[in-house]
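Step one of this worksheet: look at the structure below.
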Amino acid sequence: MRDVIVIGLGAMGSMAAWQAAARGASVLGVEQFSVGHARGSSHGGSRIYRQILFEGKEYVPLARRTLDLIKELERDGERLFEPSGGLVIGTDGGELIEDALASAAAGEVAYEWLTPDDMRRRYPQHAVLDDDVAIFEPGAGVLRPEACVTAAVRAARQAGADIRTGVPVSELRVEDGRVSVSVGGERFTAARVILASGAWTLDLLPEVSLPLRTQRSCLSWFKARGDAAEYRPDRFPTFVRESHAAHGWGIPDVDGAGVKVGISGPQAKKAWLERPEDNWRDPSPEDLAPIEEYCAAAFPGLVPRVSKAMACMNSKSPDGDFVIGPVGTGGRVVFAGGFSGHGFKHAAAVGQICAQLALDGGSEFDLSAFSPTRFGA
(Lines give C-alpha, C1' and ligand atoms only; values in the text may rest on other atoms or scores of the structure.)
Protein backbone atom coordinates (compact mmCIF):
# COMPACT_ATOMS: atom_id res chain seq x y z
CA MET A 1 0.00 0.00 0.00
CA ARG A 2 1.27 3.48 -0.89
CA ASP A 3 1.20 6.50 1.37
CA VAL A 4 -0.19 8.75 -1.37
CA ILE A 5 -1.56 8.42 -4.88
CA VAL A 6 -1.56 11.63 -6.93
CA ILE A 7 -4.05 11.70 -9.80
CA GLY A 8 -3.19 14.32 -12.43
CA LEU A 9 0.37 15.57 -12.91
CA GLY A 10 -0.30 19.04 -14.23
CA ALA A 11 0.61 22.21 -12.35
CA MET A 12 -0.61 21.20 -8.89
CA GLY A 13 -0.31 17.42 -9.07
CA SER A 14 3.29 17.42 -10.29
CA MET A 15 4.29 19.66 -7.40
CA ALA A 16 2.33 17.54 -4.90
CA ALA A 17 4.04 14.36 -6.08
CA TRP A 18 7.44 16.03 -5.76
CA GLN A 19 6.74 17.43 -2.30
CA ALA A 20 5.32 14.17 -0.94
CA ALA A 21 8.16 12.07 -2.36
CA ALA A 22 10.77 14.54 -1.09
CA ARG A 23 9.49 13.85 2.43
CA GLY A 24 10.14 10.15 1.98
CA ALA A 25 6.55 9.09 1.34
CA SER A 26 5.71 6.19 -0.96
CA VAL A 27 4.08 7.98 -3.91
CA LEU A 28 2.32 6.83 -7.06
CA GLY A 29 1.71 9.63 -9.57
CA VAL A 30 -0.70 9.03 -12.47
CA GLU A 31 -1.14 11.17 -15.59
CA GLN A 32 -3.56 10.16 -18.35
CA PHE A 33 -1.53 12.05 -20.97
CA SER A 34 2.20 12.80 -21.24
CA VAL A 35 4.10 15.01 -18.80
CA GLY A 36 3.75 18.67 -19.83
CA HIS A 37 0.89 17.97 -22.25
CA ALA A 38 -1.31 20.63 -23.88
CA ARG A 39 -4.73 19.05 -23.23
CA GLY A 40 -5.55 20.74 -19.94
CA SER A 41 -4.65 23.98 -18.14
CA SER A 42 -0.88 23.77 -17.54
CA HIS A 43 0.66 24.69 -20.87
CA GLY A 44 1.19 27.66 -23.18
CA GLY A 45 4.89 28.46 -22.78
CA SER A 46 4.53 31.26 -20.20
CA ARG A 47 2.47 32.32 -17.19
CA ILE A 48 2.42 35.55 -15.21
CA TYR A 49 4.03 35.49 -11.76
CA ARG A 50 3.23 38.35 -9.38
CA GLN A 51 2.76 39.01 -5.66
CA ILE A 52 0.44 42.01 -6.02
CA LEU A 53 -2.65 39.85 -5.96
CA PHE A 54 -5.96 41.67 -6.21
CA GLU A 55 -7.62 38.25 -5.92
CA GLY A 56 -7.04 38.51 -2.15
CA LYS A 57 -4.29 38.91 0.43
CA GLU A 58 -4.61 35.23 1.40
CA TYR A 59 -2.83 34.37 -1.86
CA VAL A 60 0.36 36.31 -1.10
CA PRO A 61 1.95 33.60 1.11
CA LEU A 62 1.22 31.03 -1.59
CA ALA A 63 2.92 33.10 -4.30
CA ARG A 64 5.97 33.67 -2.11
CA ARG A 65 6.33 30.01 -1.22
CA THR A 66 5.91 29.05 -4.87
CA LEU A 67 8.85 31.19 -5.95
CA ASP A 68 11.03 29.67 -3.21
CA LEU A 69 10.13 26.16 -4.39
CA ILE A 70 10.64 27.04 -8.05
CA LYS A 71 14.14 28.22 -7.19
CA GLU A 72 14.76 24.82 -5.58
CA LEU A 73 13.78 23.14 -8.83
CA GLU A 74 16.07 25.49 -10.75
CA ARG A 75 19.11 24.11 -8.93
CA ASP A 76 19.35 21.45 -11.63
CA GLY A 77 20.24 24.28 -14.02
CA GLU A 78 16.99 24.75 -15.97
CA ARG A 79 15.56 28.26 -15.94
CA LEU A 80 11.93 28.17 -14.85
CA PHE A 81 11.40 31.81 -13.80
CA GLU A 82 12.21 34.82 -15.98
CA PRO A 83 12.30 38.19 -14.16
CA SER A 84 10.55 40.97 -16.04
CA GLY A 85 8.71 43.08 -13.51
CA GLY A 86 4.97 43.46 -13.77
CA LEU A 87 2.47 46.24 -14.41
CA VAL A 88 -1.06 46.71 -13.15
CA ILE A 89 -2.63 49.31 -15.44
CA GLY A 90 -5.96 51.00 -14.85
CA THR A 91 -7.80 54.25 -14.33
CA ASP A 92 -6.83 56.40 -11.38
CA GLY A 93 -9.22 55.44 -8.57
CA GLY A 94 -10.55 52.45 -10.50
CA GLU A 95 -11.29 49.11 -8.89
CA LEU A 96 -8.26 47.27 -10.29
CA ILE A 97 -5.81 49.91 -9.07
CA GLU A 98 -7.46 50.22 -5.66
CA ASP A 99 -7.45 46.43 -5.19
CA ALA A 100 -3.79 46.26 -6.27
CA LEU A 101 -2.80 48.97 -3.80
CA ALA A 102 -4.65 47.19 -0.99
CA SER A 103 -2.99 43.90 -1.91
CA ALA A 104 0.48 45.47 -2.01
CA ALA A 105 -0.06 47.05 1.40
CA ALA A 106 -1.44 43.86 2.97
CA GLY A 107 1.36 41.74 1.56
CA GLU A 108 4.09 44.36 2.03
CA VAL A 109 4.99 44.02 -1.65
CA ALA A 110 7.37 46.61 -3.09
CA TYR A 111 5.96 48.67 -5.97
CA GLU A 112 6.38 51.93 -7.86
CA TRP A 113 3.56 54.30 -8.84
CA LEU A 114 3.59 55.42 -12.48
CA THR A 115 1.72 58.39 -13.94
CA PRO A 116 0.52 58.47 -17.57
CA ASP A 117 3.67 60.39 -18.54
CA ASP A 118 5.84 57.84 -16.71
CA MET A 119 4.15 55.06 -18.66
CA ARG A 120 4.57 56.78 -22.01
CA ARG A 121 8.25 57.43 -21.32
CA ARG A 122 9.17 54.01 -19.90
CA TYR A 123 6.79 51.72 -21.75
CA PRO A 124 5.88 53.29 -25.10
CA GLN A 125 4.74 49.85 -26.33
CA HIS A 126 1.39 50.54 -24.58
CA ALA A 127 -1.29 52.91 -25.88
CA VAL A 128 -1.72 54.97 -22.70
CA LEU A 129 -4.90 56.96 -22.02
CA ASP A 130 -4.79 60.29 -20.21
CA ASP A 131 -6.36 58.92 -17.01
CA ASP A 132 -4.32 55.71 -16.96
CA VAL A 133 -2.00 55.03 -14.06
CA ALA A 134 0.08 51.96 -13.29
CA ILE A 135 1.68 50.09 -10.45
CA PHE A 136 5.05 48.52 -11.27
CA GLU A 137 6.07 45.43 -9.26
CA PRO A 138 9.81 44.83 -9.73
CA GLY A 139 9.68 41.25 -8.39
CA ALA A 140 7.14 39.99 -10.92
CA GLY A 141 8.01 37.90 -13.94
CA VAL A 142 7.24 34.85 -16.06
CA LEU A 143 6.98 31.15 -15.19
CA ARG A 144 7.48 28.50 -17.88
CA PRO A 145 4.62 26.04 -17.24
CA GLU A 146 5.68 22.97 -19.22
CA ALA A 147 9.23 23.25 -17.89
CA CYS A 148 7.98 23.66 -14.30
CA VAL A 149 5.75 20.59 -14.55
CA THR A 150 8.49 18.50 -16.17
CA ALA A 151 11.04 19.56 -13.54
CA ALA A 152 8.67 18.70 -10.68
CA VAL A 153 7.93 15.24 -12.10
CA ARG A 154 11.64 14.64 -12.62
CA ALA A 155 12.32 15.66 -9.00
CA ALA A 156 9.52 13.37 -7.81
CA ARG A 157 11.05 10.43 -9.68
CA GLN A 158 14.49 11.23 -8.27
CA ALA A 159 12.96 11.17 -4.78
CA GLY A 160 11.52 7.69 -5.43
CA ALA A 161 8.01 8.34 -6.76
CA ASP A 162 6.50 5.79 -9.15
CA ILE A 163 5.24 7.83 -12.11
CA ARG A 164 2.78 6.33 -14.63
CA THR A 165 1.88 8.31 -17.76
CA GLY A 166 -0.43 7.65 -20.68
CA VAL A 167 -2.86 5.69 -18.51
CA PRO A 168 -6.21 6.97 -17.20
CA VAL A 169 -7.69 6.30 -13.80
CA SER A 170 -10.90 4.36 -14.37
CA GLU A 171 -12.14 4.14 -10.78
CA LEU A 172 -11.53 5.73 -7.40
CA ARG A 173 -12.98 4.13 -4.28
CA VAL A 174 -12.76 4.94 -0.58
CA GLU A 175 -13.31 1.87 1.58
CA ASP A 176 -12.07 0.17 4.74
CA GLY A 177 -10.03 3.19 5.82
CA ARG A 178 -8.04 3.42 2.60
CA VAL A 179 -8.29 4.52 -1.02
CA SER A 180 -8.16 2.21 -4.02
CA VAL A 181 -7.52 3.33 -7.59
CA SER A 182 -7.75 1.43 -10.88
CA VAL A 183 -5.00 2.46 -13.30
CA GLY A 184 -4.55 0.80 -16.67
CA GLY A 185 -6.02 -2.50 -15.49
CA GLU A 186 -4.09 -2.52 -12.19
CA ARG A 187 -5.47 -1.67 -8.77
CA PHE A 188 -3.44 0.28 -6.24
CA THR A 189 -4.23 1.21 -2.64
CA ALA A 190 -3.07 4.11 -0.51
CA ALA A 191 -3.75 5.84 2.76
CA ARG A 192 -4.81 8.97 0.87
CA VAL A 193 -5.20 10.28 -2.65
CA ILE A 194 -4.54 13.78 -3.98
CA LEU A 195 -7.02 14.51 -6.75
CA ALA A 196 -5.66 17.26 -9.03
CA SER A 197 -6.84 16.32 -12.49
CA GLY A 198 -8.29 19.69 -13.50
CA ALA A 199 -11.44 19.57 -15.60
CA TRP A 200 -11.56 15.77 -15.19
CA THR A 201 -11.43 15.87 -11.39
CA LEU A 202 -15.12 15.59 -10.55
CA ASP A 203 -15.62 12.67 -12.95
CA LEU A 204 -13.94 10.44 -10.37
CA LEU A 205 -16.03 11.76 -7.48
CA PRO A 206 -19.69 11.45 -8.48
CA GLU A 207 -20.72 11.43 -4.81
CA VAL A 208 -19.13 14.85 -4.20
CA SER A 209 -21.05 17.89 -5.42
CA LEU A 210 -18.95 20.99 -6.07
CA PRO A 211 -20.19 23.88 -8.26
CA LEU A 212 -17.22 23.94 -10.63
CA ARG A 213 -17.49 24.69 -14.36
CA THR A 214 -14.93 24.52 -17.14
CA GLN A 215 -14.37 27.48 -19.44
CA ARG A 216 -12.55 27.60 -22.76
CA SER A 217 -9.68 30.05 -23.05
CA CYS A 218 -7.64 30.76 -26.17
CA LEU A 219 -3.96 31.64 -25.88
CA SER A 220 -2.58 33.91 -28.59
CA TRP A 221 0.71 35.50 -29.62
CA PHE A 222 1.49 38.61 -31.66
CA LYS A 223 4.64 39.67 -33.51
CA ALA A 224 6.27 43.10 -33.42
CA ARG A 225 6.04 45.41 -36.42
CA GLY A 226 9.61 46.56 -35.82
CA ASP A 227 12.32 45.63 -33.29
CA ALA A 228 11.25 42.47 -31.47
CA ALA A 229 13.75 43.29 -28.68
CA GLU A 230 11.33 46.00 -27.48
CA TYR A 231 9.06 43.22 -26.24
CA ARG A 232 11.64 41.07 -24.45
CA PRO A 233 11.41 40.68 -20.64
CA ASP A 234 14.05 43.35 -19.92
CA ARG A 235 11.96 46.03 -21.66
CA PHE A 236 8.36 44.85 -21.56
CA PRO A 237 6.96 43.72 -18.18
CA THR A 238 4.03 41.37 -17.75
CA PHE A 239 0.82 43.32 -17.34
CA VAL A 240 -2.81 43.18 -16.26
CA ARG A 241 -4.98 46.03 -17.53
CA GLU A 242 -8.50 47.34 -16.89
CA SER A 243 -8.66 50.71 -18.61
CA HIS A 244 -12.15 51.77 -19.76
CA ALA A 245 -13.10 49.08 -22.32
CA ALA A 246 -9.55 47.71 -22.55
CA HIS A 247 -9.43 44.69 -20.25
CA GLY A 248 -6.53 42.35 -20.90
CA TRP A 249 -3.24 40.85 -19.85
CA GLY A 250 0.07 40.06 -21.49
CA ILE A 251 3.48 38.43 -21.22
CA PRO A 252 6.72 39.50 -22.93
CA ASP A 253 8.30 37.48 -25.71
CA VAL A 254 10.30 34.90 -23.76
CA ASP A 255 10.91 32.36 -26.51
CA GLY A 256 10.67 34.11 -29.88
CA ALA A 257 7.00 33.23 -30.39
CA GLY A 258 5.90 36.82 -29.83
CA VAL A 259 4.00 38.72 -27.17
CA LYS A 260 1.34 36.62 -25.47
CA VAL A 261 -1.89 38.60 -25.12
CA GLY A 262 -5.26 37.71 -23.63
CA ILE A 263 -8.46 39.54 -22.82
CA SER A 264 -10.81 39.56 -19.85
CA GLY A 265 -14.10 41.17 -19.03
CA PRO A 266 -17.30 41.11 -21.13
CA GLN A 267 -15.51 41.22 -24.48
CA ALA A 268 -13.75 37.91 -23.80
CA LYS A 269 -16.92 35.86 -24.48
CA LYS A 270 -15.38 32.59 -23.29
CA ALA A 271 -17.47 29.47 -23.85
CA TRP A 272 -18.45 27.01 -21.13
CA LEU A 273 -17.57 23.39 -21.85
CA GLU A 274 -19.73 20.35 -21.21
CA ARG A 275 -16.70 18.05 -21.44
CA PRO A 276 -12.95 18.76 -21.42
CA GLU A 277 -12.64 16.95 -24.73
CA ASP A 278 -14.85 19.61 -26.35
CA ASN A 279 -11.88 21.97 -26.03
CA TRP A 280 -9.60 19.89 -28.26
CA ARG A 281 -10.04 22.02 -31.33
CA ASP A 282 -7.95 24.83 -32.69
CA PRO A 283 -9.02 28.41 -31.99
CA SER A 284 -11.36 29.71 -34.67
CA PRO A 285 -11.38 33.19 -36.25
CA GLU A 286 -14.38 33.94 -34.02
CA ASP A 287 -12.33 32.99 -30.93
CA LEU A 288 -9.46 35.25 -31.94
CA ALA A 289 -11.25 38.30 -33.34
CA PRO A 290 -11.84 40.02 -29.94
CA ILE A 291 -8.19 39.46 -28.96
CA GLU A 292 -6.99 40.95 -32.23
CA GLU A 293 -9.29 43.94 -31.73
CA TYR A 294 -7.86 44.49 -28.25
CA CYS A 295 -4.28 44.16 -29.53
CA ALA A 296 -4.91 46.75 -32.27
CA ALA A 297 -6.18 49.26 -29.71
CA ALA A 298 -3.65 48.59 -26.96
CA PHE A 299 -0.37 47.98 -28.85
CA PRO A 300 0.39 50.13 -31.88
CA GLY A 301 3.75 48.40 -32.30
CA LEU A 302 2.32 44.88 -32.69
CA VAL A 303 0.88 43.38 -35.84
CA PRO A 304 -2.79 42.91 -34.84
CA ARG A 305 -3.07 39.45 -36.36
CA VAL A 306 -2.51 36.36 -34.26
CA SER A 307 0.73 34.64 -35.28
CA LYS A 308 0.22 31.60 -33.03
CA ALA A 309 -2.75 30.33 -31.01
CA MET A 310 -3.75 27.34 -28.93
CA ALA A 311 -6.68 26.31 -26.76
CA CYS A 312 -6.54 26.19 -22.99
CA MET A 313 -9.24 25.87 -20.33
CA ASN A 314 -9.93 26.88 -16.75
CA SER A 315 -11.86 25.11 -14.01
CA LYS A 316 -13.87 27.89 -12.36
CA SER A 317 -15.41 28.20 -8.92
CA PRO A 318 -18.40 30.51 -8.35
CA ASP A 319 -16.40 32.95 -6.22
CA GLY A 320 -13.15 32.69 -8.19
CA ASP A 321 -11.26 31.26 -5.21
CA PHE A 322 -9.40 27.96 -5.10
CA VAL A 323 -10.94 24.76 -3.75
CA ILE A 324 -8.41 22.87 -1.62
CA GLY A 325 -9.10 20.37 1.13
CA PRO A 326 -10.48 16.98 2.12
CA VAL A 327 -13.71 15.86 0.46
CA GLY A 328 -15.92 12.80 0.72
CA THR A 329 -16.18 10.17 3.43
CA GLY A 330 -13.33 9.98 5.92
CA GLY A 331 -11.33 12.86 4.43
CA ARG A 332 -9.03 10.49 2.54
CA VAL A 333 -9.39 12.37 -0.74
CA VAL A 334 -7.49 15.68 -0.85
CA PHE A 335 -9.12 17.80 -3.54
CA ALA A 336 -7.33 20.55 -5.46
CA GLY A 337 -9.30 22.35 -8.16
CA GLY A 338 -11.30 25.38 -9.21
CA PHE A 339 -8.19 27.50 -9.79
CA SER A 340 -10.22 29.87 -11.94
CA GLY A 341 -7.49 31.01 -14.30
CA HIS A 342 -5.05 32.38 -11.70
CA GLY A 343 -3.55 29.23 -10.23
CA PHE A 344 -0.17 28.67 -11.85
CA LYS A 345 1.64 31.39 -9.90
CA HIS A 346 0.66 29.44 -6.76
CA ALA A 347 1.13 25.89 -8.07
CA ALA A 348 4.21 24.82 -6.12
CA ALA A 349 2.75 26.06 -2.83
CA VAL A 350 -0.57 24.33 -3.56
CA GLY A 351 1.35 21.12 -4.25
CA GLN A 352 3.15 21.43 -0.94
CA ILE A 353 -0.15 22.08 0.84
CA CYS A 354 -1.70 18.98 -0.74
CA ALA A 355 1.27 16.89 0.39
CA GLN A 356 0.90 18.28 3.92
CA LEU A 357 -2.82 17.52 4.00
CA ALA A 358 -2.24 13.97 2.73
CA LEU A 359 0.68 13.14 5.03
CA ASP A 360 -0.04 15.27 8.12
CA GLY A 361 -3.79 15.87 8.02
CA GLY A 362 -3.27 19.64 8.06
CA SER A 363 -1.18 22.47 6.67
CA GLU A 364 0.83 25.40 7.97
CA PHE A 365 -1.16 27.66 5.62
CA ASP A 366 -4.54 29.17 6.45
CA LEU A 367 -6.88 27.37 4.06
CA SER A 368 -10.18 28.69 5.38
CA ALA A 369 -10.86 30.74 2.22
CA PHE A 370 -10.36 27.64 0.05
CA SER A 371 -12.43 25.08 1.95
CA PRO A 372 -14.66 22.82 -0.19
CA THR A 373 -17.30 23.03 2.54
CA ARG A 374 -17.97 26.72 1.83
CA PHE A 375 -20.42 25.72 -0.89
CA GLY A 376 -22.63 23.72 1.46
CA ALA A 377 -23.74 20.12 0.99
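For residue 244 and residue 162, calculate 0.36 nm times their separation in residues minus their Cα-Cα distance, and state this gained length in nm to one decimal.
Numbers: separation 82, 0.36 × 82 = 29.52 nm, distance 5.07 nm.
Difference between extended and current length: 24.4 nm.
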### Task
Collect residues whose amide H, placed 1.01 Å from N in the peptide plane, falls under 5 Å from the amide H of residue 247; neighbours closer than 5 in sequence don't count.
264
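Rounded to the nearest percent, how much of the accessible area of region 1-130 (1.4 Å probe, protein heavy atoms only) is carbon and sulfur? Intermediate values should be presented prior to the final figure.
Working: 2360 of 5260 Å².
Of the solvent-accessible surface of region 1-130, carbon and sulfur hold 45 percent.
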### Message
Just to be sure I understand the curve: with the Debye formula and one point per C-alpha of region 165-259, what is log10 I(q)/I(0) at q = 0.15, 0.18 Å⁻¹?
### Response
-0.77, -0.87
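For region 33-99, report the % of Cα-Cα distances exceeding 15 Å.
On the way: 1503 of 2211 pairs.
Every Cα pair in region 33-99 considered, those over 15 Å come to 68 percent.
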#### Entry: Percent of Cα pairs exceeding the 24 Å cut-off, where the set is region 1-153
45 percent
### Query
Quick one: if the Förster radius is 30 Å, what FRET efficiency do residue 277 and residue 187 give, using the C-beta to C-beta distance and rounding to 0.05?
0.75
### Query
Cβ under 10 Å from residue 313's Cβ, residue 313 left aside: what net charge do those residues give with Lys, Arg +1 and Asp, Glu -1?
+3
### Task
Tabulate in residue order the Karplus-calculated ³J(HN,Hα) for region 111-123, using 6.51 cos²θ - 1.76 cosθ + 1.60 with θ = phi - 60°, rounded to whole Hz; enter x for Gly and Pro.
8, 10, 8, 10, 7, x, 5, 4, 4, 5, 6, 8, 10
### Kirkwood Rh in Å, taken over region 279-371 so that all alpha-carbon pairs contribute
16.2 Å
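If the chain between residue 207 and residue 92 were fully stretched, how many nm would it gain, using 0.36 nm times the residue separation less the Cα-Cα distance?
The residue 207-residue 92 span can extend by a further 36.6 nm.
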### Task
Quick one: net charge around residue 165, please, counting Lys, Arg +1 and Asp, Glu -1 for every other residue with C-beta under 15 Å from its C-beta.
0
### Task
Starting from the Cα-Cα distance between residue 130 and residue 329, subtract it from 0.36 nm times their residue separation and give me the gain in nm to one decimal.
66.0 nm
### Query
How many Å² of accessible area per residue for the chain, probe 1.4 Å?
40 Å²
### Query
Modelled label-to-label distance, residue 178 and residue 117, 7 Å Cα→beta-carbon offset: nm?
7.2 nm
### Task
Run through every distinct alpha carbon pair of the chain and return the Kirkwood hydrodynamic radius in angstroms, one decimal place.
21.2 Å
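For region 256-316, run through the chymotrypsin sites (Phe, Trp or Tyr not before Pro) and keep only the ones in DSSP coil with at most 15 other Cβ atoms within 10 Å of their Cβ. Numbers along the way, then the final one.
On the way: sites: 272, 280, 294; in loops: 280.
Answer in residue order: 280.
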### Message
I'd like the GluC sites (Glu not before Pro) in region 43-145 restricted to DSSP loop residues with at most 12 other Cβ atoms within 10 Å, sorted by number.
### Response
108
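Would you calculate, for the chain, the mean residue ellipticity at 222 nm contributed by helices, counting each DSSP H stretch of 4 or more residues as -39,500 (n - 2.57) and dividing by all residues, to the nearest 500? Before the final figure, lay out each step's value.
Details: 7 runs with 88 residues, N = 377.
The helix-only estimate for the chain comes to -7500 deg cm²/dmol at 222 nm.
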### Message
Quick check for me: using +1 on Lys/Arg Cβ and -1 on Asp/Glu Cβ, what's the dipole size of region 260-368 about its Cα centre, in debye to the nearest 20?
### Response
240 debye
### Task
Using the structure shown, select from 260/345; 57/260; 57/345; 223/269; 270/316; 71/308 the pairs with a Cα to Cα distance greater than 18 angstrom.
57/260; 223/269; 71/308
### Task
Might you work out the accessible area of residue 240 for me, using a 1.4 Å probe with all protein chains in place, and round it to the nearest 10 Å²?
20 Å²
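Is the shape of region 62-117 best called rounded, prolate or oblate, per the rule: a/c under 1.5 gives rounded, else a/b larger than b/c gives prolate, else oblate, with a ≥ b ≥ c the square roots of the Cα gyration tensor eigenvalues? Provide the component values of the computation, followed by the final result.
Values: a/c = 3.65, a/b = 2.13, b/c = 1.72.
The shape class here is prolate.
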### Query
GluC sites (Glu not before Pro), restricted to region 186-270: which are DSSP loop and have at most 12 other Cβ atoms within 10 Å?
207
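The values are calculated or read from the model by the stated rules, or taken from the named source; none is laboratory data. Treat the numbers as computed from the prediction; the structure is a model and nothing was measured. Virtual Cβ from ideal backbone geometry, glycine too; neighbours counted across all protein chains shown. Surface accessibility is based on the protein's heavy atoms, side chains included, excluding ligands, DNA and RNA. Shrake-Rupley method; radii C 1.70, N 1.55, O 1.52, S 1.80 Å.
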